[in-house]
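Take a look at the structure set out below.
The values are calculated or read from the model by the stated rules, or taken from the named source; none is laboratory data. This structure is a prediction, so every number in the text was calculated from the model and none was measured. Glycine gets a Cβ as well: all are built from the backbone with ideal geometry, and neighbour counts include every protein chain shown. For accessibility, only protein heavy atoms count, side chains too; no ligands or nucleic acids. Shrake-Rupley method; radii C 1.70, N 1.55, O 1.52, S 1.80 Å.
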Amino acid sequence: MSCTLSLNNISCCLGDRTLFRNVTINLTHKDKIAVLGPNGAGKTTLLKAIVGLQTISTGHFEIHHKRLETEKDFALARREVGFLFQDPDDQIIAPTVIEEVAFGLLNEGMKQSEAVAKAEAMLDELHISHLRDRITLNLSGGEKKMVALASVLVMKPAILLLDEPSAALDAKSENKLAEILKGIDKTMLIVSHDLGFIEKIGARKMFLTENGLIEG
């Protein structure tokens, strides 16, 4: 099957320090791959680089066989990619849940009635309709994570990039999120240090080292 996302000999430095080099991986349709490693290994940096938010030293990315080279290329690619930040407070910007989930759709020019209907359908799909009119600032960490995920999924991305999705979640919220991610049929690249969470999702495991990725 053709590749949806390809990382080709990616290397990245932070100052004089090499975070990683020669990272190569191909993800096909519906692949779920987890990149594990300790804090500071460069996992988040790798995700940000895929969408052009971090400069790389060598290598290149491809999405649907389209090589990403210019800022325009990355801007177009970001329409195909849903990025879930480690801290949902860095992602949530609207005052209420329904406004947050509808925001991206409205930003793309969708009529408000249609955007709200799609947002409500996504909340229902994730079983968080009861949060519809809640103030986002007052949500728990687990609730914020689910709302952030809803705002990503409602945009129908082909590829999901998930940065430490289980971070700061209690056991109940973690299990709920793992069940949802396991059931999503999308190409998915997850970075984490939580091996137990990754095993719940059933993702293929790879470990990020200074010299590239090692199969887990």
Failed condition for Glu120, given (1) surrounded by fewer than 20 Cβ atoms within 10 Å (Cβ to Cβ); (2) closer than 21 Å to Pro165 by Cα; (3) of a type outside the set (Lys, Arg); (4) modelled with pLDDT of 95 or more:
(2)
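Out of the residues in region 195-216 that are assigned to a helix (DSSP H, G or I) and either in contact (Cβ under 8 Å) with a residue 40 or more places away in the chain or touching a His at 6+ places or on another chain (Cβ under 8 Å) (or both), which is nearest to Ala41 (Cα to Cα)? If you could, list the steps in order and put the result at the bottom.
First pass over region 195-216, keeping only residues assigned to a helix (DSSP H, G or I): 195-201.
Imposing the further condition that a residue be either in contact (Cβ under 8 Å) with a residue 40 or more places away in the chain or touching a His at 6+ places or on another chain (Cβ under 8 Å) (or both) reduces the set to 195, 198, 201.
On the way: Leu195: 15, Ile198: 17, Ile201: 22 Å.
So the residue we want is Leu195.
For Leu76, are the conditions met, namely being of a type outside the set (Asp, Glu) and under 18 Å from the mean Cα position of the chain (by Cα)?
Details: of a type outside the set (Asp, Glu): yes; under 18 Å from the mean Cα position of the chain (by Cα): yes.
Yes: the conditions hold for Leu76.
For region 80-98, give me the residue count where each residue is touching a residue at least 24 places away in the same chain (Cβ under 8 Å), surrounded by fewer than 18 Cβ atoms within 10 Å (Cβ to Cβ) and not small (Gly, Ala, Ser). Break it down into steps so the answer makes sense when it comes.
First pass over region 80-98, keeping only residues touching a residue at least 24 places away in the same chain (Cβ under 8 Å): 80-89, 91-92, 94-98.
Those still in the list that are surrounded by fewer than 18 Cβ atoms within 10 Å (Cβ to Cβ) too: 87, 89, 94-96.
Next, only the ones that are not small (Gly, Ala, Ser) stay: 87, 89, 95-96.
Final tally of qualifying residues: 4.
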Return the only residue of Leu5, Leu47, Leu19, Leu53 being out of contact with any Pro (no Cβ under 7 Å at 6 or more places or on another chain) and within 21 Å of Glu199 (Cα to Cα).
Leu47
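Let's see how each residue does on (1) part of a helix (DSSP H, G or I); (2) aliphatic (A, V, I, L, M):
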{"site": "His60", "(1), (2)": "no, no"}
{"site": "Arg67", "(1), (2)": "no, no"}
{"site": "Lys72", "(1), (2)": "yes, no"}
{"site": "Gly82", "(1), (2)": "no, no"}
{"site": "Ala102", "(1), (2)": "yes, yes"}
{"site": "Ala121", "(1), (2)": "yes, yes"}
{"site": "Asp124", "(1), (2)": "yes, no"}
{"site": "Asp133", "(1), (2)": "no, no"}
Would you check which residues across region 39-65 are farther than 19 Å from Lys156 by Cα and open to solvent by 50 Å² or more (accessible area, probe 1.4 Å) and list them?
Asn39, Lys48, Leu53, Gln54, Thr55, Ser57, Thr58, His65
Could you check, for region 104-115, whether at least one of its residues is touching a Lys or Arg at 6+ places or on another chain (Cβ under 7 Å) and either farther than 23 Å from Ile63 by Cβ or modelled with pLDDT of 95 or more (or both)?
yes
Looking only at region 155-199, count every residue that is of a type in the set (D, E, K, R), at positive phi and either open to solvent by 30 Å² or more (accessible area, probe 1.4 Å) or more than 14 Å from the chain's Cα centre (by Cα) (or both) and tell me the total.
1
Among the residues of region 147-177, write down those that are assigned to a helix (DSSP H, G or I) and modelled with pLDDT of 95 or more.
Val147, Ala148, Leu149, Ala150, Ser151, Val152, Leu153
In the set Asp16, Asp87, Asp31, the lone residue that is closer than 20 Å to Ile214 by Cβ and of a type in the set (D, E, K, R) is Asp31
